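What follows is one structure encoded as structure tokens, with my remarks underneath.
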Amino acid sequence: MAVSVAAKARDVVGQNVHKVDGPALVCGKPLFTLDMDVPGALVGKILHSPHAHAMIEAIDTSAAEAIPGVACILHFGNVPRIPHTTAGQGWPEPSPYDTVLFDRKVRYVGDRVAAVAATSEEAADEALRKIRVEYKVLPAVLSVDEALAPGAPVIHDEPDAEGIYDAQRNIAAAVDIPVGDVDRALAESPVTAEATCEIPYLQHTPIEPHCVIAYFDEDGRLVIRTSTQVPFHVRRIVARVLALPMSRIRVVKPRIGGGFGAKQEIILEPVAGALALRTGRPVRIAYTREEEFVASRTRHPMRVTVKLGAGRDGTLRAIDMEALSNTGAYGTHSLTVLSNVGSKTLPLYNKARHLRFHGKAVYTNLPVAGAYRGYGATQGYFALEVAMDILAEKLGLDPLELRQRNHIRVGETSPIFEKIGEGREGKAQIVRSCALPECLRIGAERIGWKRNRGRRRREGPWAYGVGMACAMQGSGITGIDMGAATIVMNEDGSFRLLVGATDLGTGSDTVLAQIAAEALGVSVDKVLVYSSDTDFTPFDVGAYASSTTYVSGLAVLKAAEDVRRQILDVAAAALEEAPEDLELSQGAVRSVRSGRAVTLADVGHRATYVVDQHQIAATASCVAPESPPPFAAFFCEVAVDTETGLVRVERFVAVADCGVAIHPKQAEGQLEGAVVQGIGHALYEEMLFSGRGRCVNPSFFDYKIPSALDVPEVEAILVPSEEPTGPFGAKSIAEVGINGPLPAISNAIYDAVGIRLTRAPFTPERVLSALRSRTG
Amino acid sequence: MHTTGLAEIVRPRDLAEAVRLAAEGGEPLAGGTDLFVRLRKGVERPPFLVYIGDLPELRRISVGESKVEIGAAATHAEILASPAAARLPILRLALEAIASPAIRAMGTLGGNLANASPAGDGLIPLYLLGARVNLVGPDGERALAVEEFVLGPGKTALRPGEVIRSLDLPFPEGAPRAYFRKVGRRRALIIAIASLGALLWLRDGTIERARLALGSVAPTVVRPREVEQALVGRPLAPDALADLVEALSAATRPISDLRASAGYRRTVAGRLLLDLACTISPGG
């Protein structure tokens, strides 16, 4: 539901219009990557390492190559070695170049050893079985503590890697950012609190796994149709890895079955491209679910410690946050996820003058962590918001009130905005919109905070409690993220909107069409969206960092305003009036002086065929001018079975300020979906590993996510604010919702039974064990 | 991983032909909700499958004077919608806990039994009610008590060529109260970490007779008969049963796996007795 406030009258923005891709999706049209059948396509498959850490002594592909239908086998011995990062990020790339297409060394169970292209699945599978690899097994590093121990095996000892913070000590990235004197401020604070919270290996579990088809167009250019969040970064990185001119590559992103950050990675595209180039034939590759778990990307497992110091009145004086991040075998997103742990959390409580954020991202011989919705903030908020709950108790203060006293407000800033950026310094900014006070008030009311908190209500073995948390995120990456849009007017008065922006099921095509339609005074059906094709749409960094509505949206708005001016010029000539006297709305240009009007179809026809003929069109770009944070307040009620340790979320209320919601239903869906994913983090999800580093639950049979029947009543409430720098007042909504469930549920369990759960997930066994150790 | 080329499926005309095909090595297929998982994993490779899911004689659910007879291929959803479930609350409680609506629409009680998993939710009521398993094979028909039929995890007394025809569920005397609880990380589509089912005969708040069945804590479903005996004569209240928690735990022989440790299973199995005492109100 959306709380209604007196908003500016708008025709399209703020309306729940039909999704532009809705009918085709509902009808099951062939829209997804592998729905397209390219005749003669070979099946690509990947041979994964069975060892966590090993050198390949020898590889013999002769038996595999002899299998009928096997066209090509690639491995370290026949592919050039080009260090790169698989992280689809801006330039200069902040992740280390510690990956090559095929290496002589394998660094986790699931690492890429070889790739096969064959005429059938069966032939490819058989080839994988018949590739003979001799490994020299090396000692494996299976935890961050082992990785940092003196004398630990060095995971990245290759000489050609670049940008690793300290390869000899297995440290991919490190940060240490002090503001003021945090140690002294903590020592002098009359009340302090500390929490250490841990998040395990978690997988994004998009319904559609990574998949790609690479083929050649009539001019022999390589076309890569792929399930990606970052088509332009795919083009850049594939060009590097395959040593092809960028102009020889076209990347097309069709409809996508979810990404959540896992597809902000360039994993299969260069493999498919290399196989296609070597064979001269189209190649398709699709990960199985098992491969998706083990050999795509995961959230960074992390241990975060937060120390808070406050005055007796509850005003925060100091926050020290330390993060120990496990980046797995490769350092993709290692520095930036680590940085985000602090940069997206510490500004929320800007009353604290003394801050320090420090941490390391460490290599291990485990699966590769990467971008995952929340991007470090989720890990940071878990510890920060549990620590806030502990502090409130020590102060004898309502946790709600502690937040109300300390959170950032409109017109305020935090030094962190300037100190921590995308792997380098950030940009100073002030908060121009913040409805968090209202979010807190509404959420507390909906959950019955005053009535239910601290009651320790019991029904048989079930104990009930309520908990809360706050969070913010950003909207794009200031000064780095760039999105561009082209709008072309057709002669019938309709428009083509070409955007590099990437709709991965989020509904961004619809949101961007709404922004264009609003600015051009037409309904959404007059805006034909074509997105994410590096040959036909202008550049956009892609869908990450909660950027699309804000950054790409601003680009669309700028382009639309330019086109609008051109339309008014044509209409002015037609009506023989001054453009200043004209208004564009509801598909026509009207003179406020004479009342005379021309339709957009008239304008299009005139410009195309009649007088002063020209194409009405504009391209505009936007670099994120700021990164306005969306805010959210989370409240939940849990029931804890004191006999079994089972935790049930009874109700969850998430109240968010995403500025003006361009499409409220979709925004609510983002918030609700993020909360459900967060509940999965809190209660169910964890990748488990054998003593030799093999993931033992890489399937939905053994790795459980919330199913439709498990989802509790989730109330997703939007509280509008007007972000002055955003398109029609909008900010982001995609990520902020995942930051709340872990701490809110942990705090609610404490309210119910007095135990602190600090290691996710809160399984029945962990809860029962905590209950028993408390009662002794 | 073997993911393609599932075995051929043969459709018999009647039960007699199904038995003949099973004797030739065909694996009976009803709902397929367990079998297909095993086939896809490649842990089982039968030469062919015999689809018995639509044989009318295997789908009948009949409510008689003293018992309910459920055809082996009746689905959980069909049983839940039938008068049998209304007459046997313990059956309803257990079947409602199975997987999800989609799985309950496909899966069968006969298949759940043939699968012989100690975690099979559908087995709990069979143990509590003292069900008999009617079998038909190349050498004719025979019947076994459910506890004789299930031999271990995935192991049954089925002889080559034998097919489960139906299950006889006798009505218990009087009006016992029914209890079923399964513990798992989430609600739907979950394999129990531990489960407890019970039938309790009460008079004035005191337990006159009790039957208990534990799931997922031993190689088969377990009837802890010593605890059943010890319950007799006690008031149905958590305090009055507290000293039996240990005894119930002691009746288990659990394993550790991905879902939970053996220690947790043992502890929780015992504590479910207290949940039972809280869940069933002695009055109503």
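For the reader, a short list of remarks on this structure follows.
Quick grid of which residues meet (1) without any contact (Cβ under 8 Å) to a residue 40 or more places away in the chain; (2) over 19 Å from residue B:130 (Cα atoms):
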{"residue": "B:169", "(1), (2)": "no, no"}
{"residue": "B:208", "(1), (2)": "yes, no"}
{"residue": "B:213", "(1), (2)": "no, no"}
{"residue": "B:221", "(1), (2)": "no, no"}
{"residue": "B:235", "(1), (2)": "no, yes"}
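- Residue in segment A:291-310 that is touching a Cys at 6+ places or on another chain (Cβ under 7 Å), more than 19 Å from residue A:687 (Cβ to Cβ) and of a type in the set (S, T, N, Q) present: no
- Listed by position, the strands (runs of 3 or more DSSP E) inside segment A:605-690 whose residues that are in contact with a Cys (Cβ under 7 Å, 6 or more places away or on another chain) number at least 2 are A:631-641, A:647-657.
- Applying a threshold of 7 Å to beta carbon distances and a minimum spacing of six or more residues, or different chains, the list of pairs starting in segment A:24-40 at a residue that is polar (S, T, N, Q) and ending at one that is assigned to a loop (DSSP other than H, G, I, E, B) reads A:33/A:227; A:33/A:254.
- Top-ranked residue of segment A:480-496 - restricted to ones that are modelled with pLDDT of 95 or more and assigned to a loop (DSSP other than H, G, I, E, B), ranked as surrounded by the most Cβ atoms within 10 Å (Cβ to Cβ): A:493
- Only one entry in A:721, A:769, A:746, A:773 is in contact with a Gly (Cβ under 6 Å, 6 or more places away or on another chain) and among the hydroxyl-bearing types (Ser, Thr, Tyr), namely A:721.
- Test: residue in segment A:699-713 that is away from every other protein chain (no Cβ under 11 Å), at pLDDT 95 or above and within 24 Å of the chain's Cα centre (by Cα): no
- Residues of segment A:516-554 satisfying the condition of being farther than 22 Å from residue A:265 by Cα, of a type in the set (A, V, I, L, M, F, W, C) and not in a loop (DSSP other than H, G, I, E, B): A:516, A:517, A:519, A:520, A:524, A:527, A:528, A:529, A:554
- Elements of type helices (runs of 4 or more DSSP H) in segment B:35-128, at least 1 residues being of a type in the set (Gly, Ala, Ser) and closer than 21 Å to residue B:187 by Cα: B:76-81, B:89-96, B:101-106
- Reported count of residues in segment A:368-386, each being touching a helix residue (DSSP H, G or I) at 6+ places or on another chain (Cβ under 6 Å), within 12 Å of residue A:545 (Cβ to Cβ) and aliphatic (A, V, I, L, M), is 1.
- Subset of segment A:436-470 [among the small types (Gly, Ala, Ser), in contact (Cβ under 8 Å) with a residue 12 or more places away in the chain and within 23 Å of residue A:755 (Cβ to Cβ)]: A:448, A:454, A:463, A:465, A:467, A:469
- Per-region count, segment A:663-690, residues more than 14 Å from chain B (Cβ to nearest Cβ) and either of a type in the set (A, V, I, L, M) or surrounded by fewer than 22 Cβ atoms within 10 Å (Cβ to Cβ) (or both): 10
- Checking every residue in segment B:130-149 against the condition of being of a type in the set (Lys, Arg) and over 14 Å from the mean Cα position of the chain (by Cα) gives at least one match.
- Residues in segment A:1-28 that are at pLDDT below 95, aliphatic (A, V, I, L, M) and assigned to a loop (DSSP other than H, G, I, E, B): A:1, A:3, A:5, A:6, A:7, A:9.
- Residues of segment A:281-309 that are more than 20 Å from the chain's Cα centre (by Cα), within 14 Å of chain B (Cβ to nearest Cβ) and β-branched (Val, Ile, Thr): A:288 alone.
- Every condition in (1) surrounded by fewer than 18 Cβ atoms within 10 Å (Cβ to Cβ); (2) of a type in the set (A, V, I, L, M, F, W, C); (3) in contact with a helix residue (DSSP H, G or I) (Cβ under 6 Å, 6 or more places away or on another chain) holds for residue A:695 except the one numbered (1).
Residue-by-condition table, conditions (1) among the aliphatic types (A, V, I, L, M); (2) more than 29 Å from residue A:157 (Cβ to Cβ):
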{"position": "A:288", "(1), (2)": "no, yes"}
{"position": "A:295", "(1), (2)": "yes, no"}
{"position": "A:303", "(1), (2)": "no, no"}
{"position": "A:321", "(1), (2)": "yes, yes"}
{"position": "A:339", "(1), (2)": "no, no"}
{"position": "A:346", "(1), (2)": "yes, yes"}
{"position": "A:349", "(1), (2)": "no, yes"}
{"position": "A:352", "(1), (2)": "yes, yes"}
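- Hey, residue B:249 surrounded by fewer than 21 Cβ atoms within 10 Å (Cβ to Cβ) and out of contact with any strand residue (DSSP E or B) (no Cβ under 6 Å at 6 or more places or on another chain) or not: no
- Which numbered condition residue A:146 misses (of (1) outside the structural domain of residue A:230 (by TED's automatic domain parsing); (2) under 30 Å from residue A:421 (Cβ atoms)): (2)
- Conditions (1) at pLDDT 95 or above; (2) in the same structural domain as residue A:251 (by TED's automatic domain parsing); (3) surrounded by 13 or more Cβ atoms within 10 Å (Cβ to Cβ): number failed by residue A:90: (1)
- Any chance residue A:738 is assigned to a loop (DSSP other than H, G, I, E, B), away from chain B (no Cβ under 12 Å) and within 29 Å of residue A:207 (Cα to Cα): no
- Unique match (being of a type in the set (Lys, Arg), surrounded by fewer than 19 Cβ atoms within 10 Å (Cβ to Cβ), in contact with a Gly (Cβ under 7 Å, 6 or more places away or on another chain) and within 17 Å of residue B:72 (Cβ to Cβ)) among B:159, B:142: B:159
- Test for residue A:660: is it out of contact with any Lys or Arg (no Cβ under 9 Å at 6 or more places or on another chain) and surrounded by 21 or more Cβ atoms within 10 Å (Cβ to Cβ): no
- Among the residues of segment B:1-57, those that are away from chain A (no Cβ under 14 Å) and aromatic (Phe, Trp, Tyr) comprise B:48, B:51.
- Hey, residue B:274 within 11 Å of another protein chain (Cβ to nearest Cβ) and hydrophobic (A, V, I, L, M, F, W, C) or not: yes
- Scanning segment A:194-235 for residues being assigned to a strand (DSSP E or B) and among the polar types (S, T, N, Q) gives a total of 3.
- Given (1) farther than 26 Å from residue B:113 by Cβ; (2) modelled with pLDDT of 95 or more; (3) more than 9 Å from chain A (Cβ to nearest Cβ), number of the condition residue B:261 does not satisfy: (3)
- Count of segment B:162-180 residues which are surrounded by 23 or more Cβ atoms within 10 Å (Cβ to Cβ) and farther than 15 Å from residue B:127 by Cβ: 4
- Residue ranges of helices (runs of 4 or more DSSP H) in segment B:156-258 with at least 3 members within 13 Å of chain A (Cβ to nearest Cβ): B:238-241, B:245-250
The values are calculated or read from the model by the stated rules, or taken from the named source; none is laboratory data. Since the model is a prediction, treat every value here as computed from it, not as a measurement. Heads up, the Cβs are rebuilt from the backbone with ideal geometry, glycines too, and the neighbour counts pull from every protein chain shown.
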